[in-house]
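Student: Dumping the structure here so I can ask a few things about it.
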Amino acid sequence: MAELKGARVGIMGGTFDPIHYGHLAAAEAAREAFFLDRIIFVPAGIPPHKNEKEVTPARHRFLMTLLAVMSNPYFEVSRVDLDRGGVTYTVDTLRDLRKELGPDTEMYFITGADAILEILSWKDPRKVLSMAEFIAVTRPGYGLDKLAAALGPLYQEFQDRIHILEVPPMGISSTDIRRRLAEGRSVRYLVPETVFTYITNQGLYGVKGER
Ligand code: ATP
Ligand code: MG
């Protein structure tokens, strides 16, 4: 169903393998700073450069994302990328969401610094940049001062649609969380309690039994 005219919607794409407080805090900061009416988290199917075996099955990532956002009335989860199947390209995500949200919704695609710095390697970067406004949030270890160089000629063309947002720095990544779990180390306070419980109960990431 189309949105109310002029609705402002944030879109947070990711593999969410698993979702963590870095994702949630970035989305909430973007919501507040850009007066977004809601944020849609969009778990990816298979991310480009990875094969199916390298990511946790979609049903687990979808459920963990749902568990993580449940307590925030402004957050929700979309299955567009999972239902389309195969490799997820942001150009397809934005096309499908535009169809769903209608022409009058303002779409803000939220990415961390690492992701936006790699945008030239995405499928159809010029098209992607023309399909939504972008909120590039800071992330420890990745300097957005390199954005102009990373975007090349696209920077001139699209800089007015790319908004840099300083967010509380959180040195959390899914890669680090997966590694910690495989080594039997703690991930408490890096992921929501609900996600931690799900991981433990399902024995994901090599977790064995209660800890
Ligand atoms: P992985 O280590 O598996 O790549 P990740 O922690 O980078 O996982 P993704 O699912 O790849 O998580 O990221 C989804 C989006 O969230 C990306 O745009 C990424 O830049 C952003 N993001 C992830 N973690 C943070 C963080 N700690 N601070 C700011 N942005 C983040
Ligand atoms: Mg990542």
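The values are calculated or read from the model by the stated rules, or taken from the named source; none is laboratory data. In this text, all values refer to a predicted model and were calculated from it rather than measured experimentally. Neighbour counts run over all protein chains shown; Cβ positions are idealised from the backbone, glycine included. To get the accessible areas, we keep the full protein, side chains included, count just its heavy atoms, and leave off ligands, DNA and RNA. Shrake-Rupley method; radii C 1.70, N 1.55, O 1.52, S 1.80 Å.
Student: Of all residues in the range 143-171, which are in a loop (DSSP other than H, G, I, E, B) and either buried (at least 18 other Cβ atoms within 10 Å of the Cβ) or in contact with a Lys or Arg (Cβ under 9 Å, 6 or more places away or on another chain) (or both)?
Tutor: Hits for the range 143-171 are V167, P169, M170, G171.
Student: Could you list, in sequence order, all residues of the range 29-59 that are touching a strand residue (DSSP E or B) at 6+ places or on another chain (Cβ under 8 Å) and of a type outside the set (A, V, I, L, M)?
Tutor: R31, F34, F35, D37, R38, F41, P43, G45, P47, P48, E52
Student: A follow-up question, please. Six or more apart or on different chains, Cβ under 6 Å: which pairs go from a residue in the range 8-20 that's of a type in the set (K, R) to one that's within 10 Å of ligand 2 (Cβ to nearest atom)? Could you list them?
Tutor: none
Student: Kindly list, by first and then second residue, each pair from a residue in the range 150-166 that is closer than 21 Å to A27 by Cα and touching a residue at least 12 places away in the same chain (Cβ under 8 Å) to a residue that is open to solvent by 40 Å² or more (accessible area, probe 1.4 Å) and in a helix (DSSP H, G or I), limited to pairs with Cβ atoms under 6 Å and residues at least 6 apart or on different chains.
Tutor: Here the result reads L165/A33, each pair linking the range 150-166 to a residue that is open to solvent by 40 Å² or more (accessible area, probe 1.4 Å) and in a helix (DSSP H, G or I).
Student: Then there is this: Pairs, please: C-beta under 9 Å, at least 6 apart or cross-chain, first residue more than 12 Å from H20 (Cβ to Cβ) and in the range 193-205, second modelled with pLDDT under 95 and open to solvent by 20 Å² or more (accessible area, probe 1.4 Å)?
Tutor: T200/G209; T200/E210; T200/R211; G203/G209
Student: Out of V87, V80, which single residue is over 21 Å from V191 (Cβ atoms), open to solvent by 10 Å² or more (accessible area, probe 1.4 Å), touching a Ser or Thr at 6+ places or on another chain (Cβ under 7 Å) and hydrophobic (A, V, I, L, M, F, W, C)?
Tutor: V80
Student: Can you name the residue in the range 172-191 that is away from ligand 2 (no atom under 16 Å from the Cβ) and part of a loop (DSSP other than H, G, I, E, B) and is also nearest to A68 (Cα to Cα) among such residues?
Tutor: The extreme case among them is Y189.
Student: How many residues does the range 112-140 hold that are open to solvent by 10 Å² or more (accessible area, probe 1.4 Å) and outside any helix (DSSP H, G or I)?
Tutor: Residues flagged as open to solvent by 10 Å² or more (accessible area, probe 1.4 Å) and outside any helix (DSSP H, G or I) within the range 112-140 amount to 9.
Student: Consider the range 22-64. How many of its residues are surrounded by fewer than 16 Cβ atoms within 10 Å (Cβ to Cβ) and within 13 Å of ligand 1 (Cβ to nearest atom)?
Tutor: Residues meeting the conditions: 4.
Student: If P43 satisfies every condition in (1) under 22 Å from G171 (Cβ atoms); (2) touching a Leu at 6+ places or on another chain (Cβ under 7 Å) but one, which is the exception?
Tutor: (1)
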